[in-house]
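Colleague: After the C-alpha cells below, expect a handful of questions from me.
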Amino acid sequence: MTDRSVELPIRQNWQDLANCLGVDPDLFFPERGASTREAKEVCRNCFVQDDCLEYALQNGEKFGIWGSMSERERRRIRRQRALRLVEEAERVEAPAAERVAAG
Ligand code: SF4
C-alpha cells in the first residue's frame, strides 16, 4: 500500500505573523492621553492587522492598540456595527408587521 499522506504546512496563528512580535507590549497600552503614534507605526503594514482588530472587537478588548486602532476607534466601530444590526432587524421586521396589520 502506498503512503499518500502529504505533509501539511505547520498551522500558524495570526499572532505568529504579527509585526509586534518581540516589541515591548507596554507600547500598545499607553497611559491615558499618551500618544499612540509609535504603536500605530508598528501596526502599519502589519500583515494580520484585520485579524488583530477583529479579535479585539469579538473579545471586547477595552484597552490598548489592536489592529492599529485605539479604544475610542474600536468603540466607534462597535457602535456602527450595533446600529447596522438594529437597522437590518428593522428592515426584516417592518414587512412582517405590515402583513400582520393588513390581516
Ligand atoms: S495590528 Fe495587531 S498584530 Fe499587527 S502589529 Fe498591530 S497590534 Fe500587533
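Values in this text are rule-based calculations from the coordinates and carry no lab data. Since the structure is predicted, the reported quantities are computational estimates derived from the model, not experimental observations. So basically every Cβ, Gly included, is an ideal-geometry build from the backbone, and we count neighbours across all protein chains shown.
Colleague: So what is Rg over Rh here for the chain, counting just Cα atoms and using Kirkwood for Rh?
Modeller: Working: Rg = 21.4 Å, Rh = 17.0 Å.
So for the chain, dividing Rg by the Kirkwood Rh gives 1.26.
Colleague: Once you keep just the Cα pairs under 8 angstrom separated by 6 or more residues, what percentage relative contact order results for the chain?
Modeller: Relative contact order comes out at 21 percent.
Colleague: Right, next: Taking K and R as +1 and D and E as -1, what net charge do the other residues with C-beta under 12 Å from the C-beta of Tyr55 add up to?
Modeller: Spelling it out: positives minus negatives among the neighbours equals -3.
Colleague: In degrees from 0 to 90, rounded to the nearest 10, what is the angle of the helix 49-58 Cα long axis to the longest principal axis of the chain?
Modeller: 50
Colleague: Moving on to the next point. Where nothing but the Cβ of Lys and Arg (+1) and of Asp and Glu (-1) is charged, how large is the charge dipole of segment 14-102 around its Cα centre, in debye to the nearest 20?
Modeller: 380
Colleague: Select from Leu83, Tyr55, Ala34 the residue farthest towards the positive end of the dipole of the chain; place +1 on Cβ of Lys and Arg, -1 on Cβ of Asp and Glu, and compute about the Cα centre.
Modeller: Sorting the options by dipole projection puts first Leu83.
Colleague: Scan the chain and report its longest stretch carrying no chymotrypsin sites (Phe, Trp or Tyr not before Pro) that are both in a DSSP loop and have at most 13 other Cβ atoms within 10 Å.
Modeller: After excluding every exposed loop site, the longest remaining stretch is 1-46.
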